[in-house]
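Got a structure for you, questions after.
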Number of protein chains: 2
Amino acid sequence: MSGTALRADAARNRRLIVDAAREVFGERGLDAPLDEIARRAGVGNATLYRRFPTRRELVTAVFADTLAEVVQAADRALAAADPWLAFAGHIGFLCELQAGSRALADLLTARIEPAPELEDLRTRAYDGLDRIIGRAQQAGVLREDFRPGDVVLILMANAGLLARTEPTVPGAWRRQLSFVVDGLRAPAATPAPPAPSREAVLGAMTTLAERLGCG
Amino acid sequence: MSGTALRADAARNRRLIVDAAREVFGERGLDAPLDEIARRAGVGNATLYRRFPTRRELVTAVFADTLAEVVQAADRALAAADPWLAFAGHIGFLCELQAGSRALADLLTARIEPAPELEDLRTRAYDGLDRIIGRAQQAGVLREDFRPGDVVLILMANAGLLARTEPTVPGAWRRQLSFVVDGLRAPAATPAPPAPSREAVLGAMTTLAERLGCG
């Protein structure tokens, strides 16, 4: 093969592996067997290990893939006409990502150790969220005391609910989320207790290493 | 000692053990060492094992103790003048019980295998909740589509949030709960997705045996 064909082949394999990993991690958690991922991707184990020498690199690639989707969703929300539906829809999108994947449920609220390929995506995902929240508050439809860190708390509560109700009560999270979201509309019925600091919220976010440690 | 004195002594020891167990389970989970409970209660291991031959019997006694408190709280809520504050206060009481005890966080939403000493308390706790909800809905202050089973979902989400934020962000649950509770006020801003059936909610509740199995 020519160099170009080799590169195209490598990119194709990488894509197959990341897609398969996302599925398998979603079904079985971040400690799923790598063999199963190679099998699902239709590549040999050697190819998988050459592309992703450690589980962590593979998890990072899957997470980058998800973050790219989150960024796209934020862009769509910011282009939508209704600031409230944009906000509520984006929160719903994040919770649905969690519902669709056992691995993502907690990964979405994990701190990722420095990983250059994630930094830009991560910044764009957070910026998008800030702008969705700011726009809804400026339009007077989202309660003023809501903070971006509250999204982390919502996702952590959703992850806990998912762990306890899926698959026995599929969709229970949608009902609970509808109550939460209704409670976020302006004007707030009651002032919320003070928001935790950004540092405190970051402190509650487990690291990817901890996640991998506990499977 | 006379028979009466013996019985008084036994009752006193039982009380000391249950109080200590509640503390220790709360701090260390339901798989906490029984030796530590005996030590904290100031009784010998033999006394503890005589009163509670299995861990399950001790957990059941601790849970009965908690359920009795829940029943008392429900009675207080039903005696309160304001149906909304009574409802919101009772939900807050349940979430605070969870926050105060690692063991209770999930035990409150566990199905308990038939245990005669729990049946009556359990029925009274559920009846109290039904009446608190019914009263608030009749007064037009609680959204009409709220169901008693939704309290189970709220407590499961709260348990998940507590597991992820305590002790790094103590009290984060209060903020999240304030959003949820604001979303429960009548009139509902948006109709919630259909409530899961009572059977489905029961199916999501782990059994005490499962809880003990996974520590």
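Assigning unit charges at the beta carbon (Lys, Arg +1; Asp, Glu -1) and nothing else, what dipole magnitude in debye, to the nearest 20, does the protein assembly as shown show about its Cα centre?
Charge dipole, the protein assembly as shown, about its Cα centre: 380 debye, nearest 20.
For A:Ala139 paired with A:Glu119, estimate the spin-label separation in nm (one decimal), with each label point 7 Å from Cα along the Cα-to-Cβ line.
Taking the two extended label points, one gets 3.4 nm.
For the charge dipole of the stretch B:1-47, defined by +1 on Lys and Arg C-beta atoms and -1 on Asp and Glu C-beta atoms about the Cα centroid, which residue among B:Pro33, B:Ala46, B:Gly3 has the Cα displaced farthest towards the positive pole?
My answer, from the dipole projection, is B:Gly3.
Can you sort A:Ile37, A:Ile17, A:Ile133 so the residue with the fewest Cβ neighbours within 10 Å comes first?
A:Ile133, A:Ile17, A:Ile37
Normalising by the residue count of the stretch B:1-112, find the relative contact order in percent from Cα pairs under 8 Å and 6+ residues apart.
With pairs under 8 Å counted, the relative contact order is 29 percent.
Arranged by the count of other C-beta atoms within 10 angstrom, fewest first, what order do A:Asp182, A:Asp106 take?
A:Asp182, A:Asp106
Towards the positive end of the charge dipole of the protein assembly as shown, with charges on Cβ (+1 Lys, Arg; -1 Asp, Glu), say which of B:Ala188, A:Val181, B:Leu153 has the farthest Cα.
Value: B:Leu153.
Report, to two decimal places, the Cα Rg of the stretch A:39-126 normalised by 2.2 N^0.38 Å (N = number of residues).
Against the empirical 2.2 N^0.38 Å value, I get 1.27 for the stretch A:39-126.
Report relative contact order for the stretch B:37-171 in percent, whole number only (criteria: Cα-Cα under 8 Å, sequence separation at least 6).
Averaging sequence separation for qualifying contacts and normalising by length gives 28 percent for the stretch B:37-171.
Round to the nearest 0.05 the FRET efficiency obtained for A:Gln72 and B:Ala81 when R0 = 45 Å and r is the Cβ-Cβ distance.
The formula returns an efficiency of 0.30 here.
Between B:Leu6 and B:Arg174, what is the FRET efficiency for a Förster distance of 41 Å, r being their Cβ-Cβ separation, to the nearest 0.05?
With R0 = 41 Å, the Cβ-Cβ based efficiency is 0.35.
Rank these for me by crowding, A:Thr123, B:Thr206, going from fewest to most other beta carbons within 10 Å.
A:Thr123, B:Thr206
Still on this model: Could you pull out every residue, at least 5 positions away or on a different chain, whose amide H is within less than 5 Å of the one on A:Ala195? Hs are placed 1.01 Å off N in the peptide plane, and Pro or chain starts have none.
Close amide H contacts, sequence-distant or interchain: none at all.
What is the dipole size for chain A, taken about its Cα centre, with +1 at each Lys and Arg Cβ and -1 at each Asp and Glu Cβ, in debye to the nearest 20?
Around 340 debye, computed over chain A.
Every number in this text was worked out from the coordinates using simple rules, so none of it is lab data. What you see is a predicted model, and the numbers here were worked out from it, not measured in a lab. Glycine gets a Cβ as well: all are built from the backbone with ideal geometry, and neighbour counts include every protein chain shown.
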